Amino acid sequence: MVWEKKYENGLRLVVKNMDGLMSVTMGIFVGTGANVETDSEDGISHFIEHMQFKGTHKRNAFELSDAFDRLGAQINAFTGKDITCYYCKCTSDHTDACFELLSDLFLHSTFPEEEMEREKGVVCEEISMNEDTPEDLCLDLLARAFYGKRGYGRNILGPAKNVKGFSVADILAYKKKRYCPENIVISFAGGIDMQTAQALVETYFGDLEKGEFEKRTVQLISDKKSLVKTKPIEQMHIGIAYPTVNRYDKTLDAVNAVNGVLGGTMSARLFQEVREKRGLAYSVYSYVSTYSECGIQAIYAGVNPAQAEQAYEAILNVVKDMKEKGITEDEFLRSREQMKASTLFSNESSNSQMLLYGKYMLHFNEVYDFSKRLDEINALTYKQALSAIEQMFDEKQKAIALVGNTDKAFPL
C-alpha cells in the first residue's frame, strides 16, 4: 500500500507500507545539489549535509549520534548533483523517536563555529581521498569534460579553497533559498502506516513556513572536450561519454536496455570483448545517468598504460559495431529481463523503496507506480531498442577523460 499527501506549503509526503517488515527507513529529500551552485557556492550543498549533524538547539554532535546508536538505528546522508538526502533506518518500535531526531538535525541545526572548523578539515580530507581514488577521479573528470566547469560538471565536494572559506552566513543564505518546503519530500518505507507517518510529519514539520525558494536554471554547454589528469599511478583510467535523453524522455527504457547490452552485466559486449576475449581490463562497464535537462551514456575502463590505446580502440569498436549493426533480439530480451529483475529486487528492500519513492516524488511530483513500471518494461520492444540506438553514440558530441601517468589526452 502506498499513500501520499501534499501540504499547502509545498511539502510532500509519500509512504510505502511493506507488510511483514519490522523496520522502517525514513528519508528527507531536498531538490538541491552541485548542479545549481554558483562558483562561490561550489561544494556548499555537500558541506551543509555534513554540518547538519554537528549540533542543534537541543543536542550537540555527540548527543545526536549517541541518541541514534542507543536506538540501534542507522543514520546517514548523501549529496548528489541534483539532490540531497538525510535518512535513517530503525526498528518499527523506534520510528517516533528516530523521526524526532532526524527532524531535529534537519530543521534545528545551529552550525557551531568550532564544529565548522573541524568539519572543514574532514571534508578537505574527503577531497584528498577522492584525489587518491582514480576511478572516481576519472568519472568526475568525465563529467567536467562533458558538461563543463559548472552545472552537472561540478564535483560534488567542491574545491578545498571554497570549503575552507564557507561561513555560517553562507550556509544560512543557501538554505533559505533551497531548503524550502516546496523543494522537500519526506519518504517512509517499511513497517509503517500512513496515520503514523502523517502524524509525525505534521508534528515536526507542521509549522514549516513557505520559504523564499529560488528556482535556478542549470547551465548547459554544447562543446565537449578530451581532458587528462596526470597521476603517478599504475593503471590508466579511461572515461568516454555520449549525450543521451533526460529522465523524463519516453525512450529512456529503450536506452537503458541498450546500455545493458553494451556494458551493464558480465555477459555484456564490453566485458566480453575488452576483458574476456582480449584481457585488456579488469574493470570495464557502462551506465546511463539522467537529469531533468539532459543525460549521459558513459563508459569506463581501468587498463594497463601500455595497452591504453589498444583498449580505447577496442571500446570504440564495440560501440561502432553496435551503432552500425544494432543488437540481437536475444541480447535485448536478456537486458530487458535484467531491468525487470532489478525492479523486483528493489521492491524487497525498505532502503531502496524509501529512495525510489522519495526521488520519484521529488522529480515527477507523483507516486511511483510499481505495477505500471513492470508493465512498461514488459511492453518494451526490440524495435524500440533498435530505434534508440539510432539516436545514441553521437561521435561528434563525445567527451573523453583520462587519468594516469601521462599528459597526453586521447583525440576526440
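Annotations
- Residue check, Met1 under 16 Å from Thr196 (Cα atoms) and open to solvent by 10 Å² or more (accessible area, probe 1.4 Å): yes
- So Asn35, is it under 30 Å from Tyr152 (Cα atoms), assigned to a helix (DSSP H, G or I), open to solvent by less than 50 Å² (accessible area, probe 1.4 Å) and touching a helix residue (DSSP H, G or I) at 6+ places or on another chain (Cβ under 8 Å): yes
- Failed item in (1) of a type in the set (Gly, Ala, Ser); (2) in contact with a Gly (Cβ under 7 Å, 6 or more places away or on another chain); (3) buried (at least 22 other Cβ atoms within 10 Å of the Cβ), with Ser289 passing the rest: (3)
- Residue check for Glu100: open to solvent by 10 Å² or more (accessible area, probe 1.4 Å), assigned to a helix (DSSP H, G or I) and under 18 Å from Val201 (Cα atoms): yes
- Within segment 46-81, being in a strand (DSSP E or B) and open to solvent by 60 Å² or more (accessible area, probe 1.4 Å) holds for Asn60, Gln74, Asn76.
- Residue check, Gly20 modelled with pLDDT of 95 or more and not β-branched (Val, Ile, Thr): no
- Checked against the criterion of being part of a loop (DSSP other than H, G, I, E, B) and either open to solvent by 50 Å² or more (accessible area, probe 1.4 Å) or out of contact with any Cys (no Cβ under 8 Å at 6 or more places or on another chain) (or both), the candidates Leu142, Leu157 yield just one match: Leu157.
- When the helices (runs of 4 or more DSSP H) confined to segment 168-260 are screened for residues that are more than 20 Å from Glu49 (Cα to Cα), touching a residue at least 12 places away in the same chain (Cβ under 8 Å) and not small (Gly, Ala, Ser), those reaching at least 1 such residues are found at 194-205, 252-259.
- Any hit, segment 48-69, residues being touching a residue at least 24 places away in the same chain (Cβ under 8 Å), under 23 Å from Gly158 (Cα atoms) and among the hydroxyl-bearing types (Ser, Thr, Tyr): no
- Any hit, segment 97-118, residues being over 19 Å from Leu172 (Cα atoms) and touching a helix residue (DSSP H, G or I) at 6+ places or on another chain (Cβ under 6 Å): yes
- Those residues of segment 103-117 which are in a helix (DSSP H, G or I) and either at positive phi or surrounded by 17 or more Cβ atoms within 10 Å (Cβ to Cβ) (or both), in sequence order: Ser103, Asp104, Leu105, Phe106, Glu115, Met116
- Selection within segment 269-284: residues that are within 21 Å of Asp330 (Cα to Cα) and more than 29 Å from the chain's Cα centre (by Cα). The member of this set that is surrounded by the most Cβ atoms within 10 Å (Cβ to Cβ) is Glu276.
- Reported count of residues in segment 197-241, each being β-branched (Val, Ile, Thr), over 23 Å from the mean Cα position of the chain (by Cα), surrounded by fewer than 18 Cβ atoms within 10 Å (Cβ to Cβ) and under 30 Å from Leu13 (Cα atoms), is 1.
- Being at pLDDT 95 or above, surrounded by fewer than 19 Cβ atoms within 10 Å (Cβ to Cβ), within 22 Å of Tyr382 (Cβ to Cβ) and among the polar types (S, T, N, Q) is a property that does not hold for Thr244.
- Residue within segment 118-128 that is among the hydroxyl-bearing types (Ser, Thr, Tyr), in a helix (DSSP H, G or I) and either more than 30 Å from Val403 (Cα to Cα) or open to solvent by 10 Å² or more (accessible area, probe 1.4 Å) (or both) present: yes
The values are calculated or read from the model by the stated rules, or taken from the named source; none is laboratory data. Everything numeric here is computed off the predicted structure, so don't read it as measured data. Every residue, glycine as well, gets a Cβ built from its backbone with ideal geometry; the counts of neighbours run over all protein chains shown. The protein model used for the area step is the full one, side chains on, heavy atoms only, and it has no ligands, DNA or RNA in it. Shrake-Rupley method; radii C 1.70, N 1.55, O 1.52, S 1.80 Å.
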